[in-house]
1. Restricting the search to segment 468-488, which residues are touching a strand residue (DSSP E or B) at 6+ places or on another chain (Cβ under 8 Å) and open to solvent by 30 Å² or more (accessible area, probe 1.4 Å)?
2. Looking at segment 167-185, which of its residues are open to solvent by 20 Å² or more (accessible area, probe 1.4 Å) and either at positive phi or not hydrophobic (A, V, I, L, M, F, W, C) (or both)?
3. Which one is surrounded by the fewest Cβ atoms within 10 Å (Cβ to Cβ), of the residues in segment 145-166 that are in contact with a Ser or Thr (Cβ under 6 Å, 6 or more places away or on another chain) and within 19 Å of Trp114 (Cβ to Cβ)?
4. Do you know which residues across segment 432-452 are at pLDDT below 80 and either over 38 Å from the mean Cα position of the chain (by Cα) or open to solvent by 80 Å² or more (accessible area, probe 1.4 Å) (or both)?
5. I'd like the residue in segment 465-482 that is outside any helix (DSSP H, G or I) and closer than 16 Å to Leu563 by Cβ and, out of all such residues, is modelled with the lowest pLDDT.
6. Since Asn190 meets every condition but one in (1) surrounded by 14 or more Cβ atoms within 10 Å (Cβ to Cβ); (2) within 39 Å of the chain's Cα centre (by Cα), which condition does it not meet?
7. Looking at segment 50-95 only, could you name the residues that are among the basic types (Lys, Arg), assigned to a helix (DSSP H, G or I) and open to solvent by 60 Å² or more (accessible area, probe 1.4 Å)?
8. In this structure, does Pro150 turn out to be out of contact with any strand residue (DSSP E or B) (no Cβ under 6 Å at 6 or more places or on another chain) and within 22 Å of Arg132 (Cα to Cα)?
Amino acid sequence: MTLFSSLTNRIFLATALLVVLATAVGVYSINVAVTRQAYNELRRGLEEAGTILEEHRTTLFEHLAREARLVADLSNLKAAIDTRHPPTVQPLAEGFQKRIGADLLVVTDDTGRWLAEAGRIQVETGDPVVVRTIEDGLRGREAVALWPRPRGVVQVVCVPSFVASDLLGTVSVGFSLDEETAARFKALTNSEIAFAFGRRILASTLEARFHPTLAGLIGTSDIREFWLDDTEYVAVARPMLLSTAAGSEPALAPAQGLSALILRSKTERLRFLTVIHRQLAGTAVLAVLLATLLSYAIARTVTRPLGAITATMREMAATGDLTRRLPDTAGSRWEDEDARLLARTFNAMTDSIARFQREAAQRERLSSLGRLSTVVAHEIRNPLMIIKTALRGLKAPAPAPEAVTAAVADIEEEVARLNRIVSEVLDFARPIKFELAAVDVNDVCRDAARAVESDTPDISVRLDLDPAALQAVTDAERLRQALVNILTNARHAVAARRDGAAIPDPIRLRTRRSDARVAIDVRDRGTGIAADDLPRVFDPYFTTRRTGTGLGLAISRNIIEGLGGTIRVSSRPGDGTEVRIELPATSDRART
């Protein structure tokens, strides 16, 4: 009997041949498609990396150009330049350089003399390009140029600094295209980077011995393929034009020939294809023999519990409830033991999370209750003792009218004090409701000053109110409460410093209007705040006074920030304290 004599054999062989042919065609098509897709992705990624590099460099330089204009327009830097004293200008230059993140910041006077230089790099002051850039800036216009350095080049914008129409000097800000910058761009684009000027490689993330090969790639916009040792690379060259922020013309003509090379290893990126080819071939053979019989049953035993875990985790992410549990499947005969162990571990983890959340919430409640009870108990004890003493005097057989009057006054005063303590605690604990309306800020300041002076008439509040700061949309009563708290603290600080001698202008309250904001400054000549305590002045319950609650400034900050403003405190021990409040002149909505 021949092999094809049996219908069973013929059907089997025909089916097997069809499966083999279909699998072979499928594997070949997949290999071709994956290879083409991988190579296209490599080219597309290279182009995207070049675009990202250029956009990032342009954005960075435009940012530095804007920052240079802002720095050149700062009054403190102008005053320092006007002194023509390098030790005066240098600290300011270093501070601005760190703040704006520039690699180089140079300040000159109106003669071109260097007053300060800050940054991680240095350049030759006598280089013709440097001198020409500064001279162009001294003509009253912005200049953009490339300043050479040993292993790189600095892209610089030079901005003139004016007072009215008088030129004080220039501020030059730039960043360096060197190996350190190339390393940063490599991390950003996931590519090797090289900077070139003309046909010379300035810096790169590859070894210096490859620079001659890289130099041969400059001047073409097409993607090139080449070998470095035993590694194949693809590269594209991108010209790097000089420009300032949009809408401004550079004073110097852009230098020609500055470009960047973006490289990716084709060998490394496509290495996975060999593995994929082998795996596809092996998988095809196994799929013909086993997939139909075994994959469904095995997949069901694995994917069902994993699907349950995935669904539960998705619900946890959507609801924020980290305590959800998986259903118990211990009675299922076909359940995989590993999947069952995973489910038990997952449930144990959620139980631990739930327990931790309960314990953390309990600890936080106890901690808050402890802090609050300590403050309230401390503040309430003294008024209660005074009330008790007053009541003891009233129990006398026939108390004198004067004694009754004094006891009643003491009781009323201490009851008011207790009510104030409770009100402060409630104001801090509950959300603040604001009622916004157009108010006269100066009137609010006068009212707050009168309220404080009525308690201590010997400590006056000097008012320096700007008529331009009249109107603002805010909550007058809440703002008055915040100012009273701040002025009360200032009064205590001045009282603690006085040793019997009068202090001129012990407290000064000043208002100013700046664009769309109103500034309120409270300056006292009290004891000041220690440097270690200054960062904690807005913390609830923090106070340096024996009778203080530590809630005054905390409530004030809640009010000011709720009104859309800011509050800052600066102080020097022995010299006094200044509190600066800035509020928006208008408000779109009421904040709570």
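The values are calculated or read from the model by the stated rules, or taken from the named source; none is laboratory data. Here the structure is a predicted model, which means the values were calculated and not measured. We place every Cβ from the backbone using ideal geometry, glycine too, and count neighbours over all the protein chains shown. Only protein heavy atoms, including side chains, enter the accessible area calculation; ligands, DNA and RNA are left aside. Shrake-Rupley method; radii C 1.70, N 1.55, O 1.52, S 1.80 Å.
1. Listed by number, the residues that qualify are Ala468, Leu470, Gln471, Val473, Ala476.
2. Glu179, Glu180, Arg184
3. Pro160
4. The one that is at pLDDT below 80 and either over 38 Å from the mean Cα position of the chain (by Cα) or open to solvent by 80 Å² or more (accessible area, probe 1.4 Å) (or both): Lys433.
5. Step by step, filter segment 465-482, then rank; the result is Gln471.
6. Result: Asn190 fails condition (1) only.
7. Arg66, Arg69
8. The answer is yes for Pro150.
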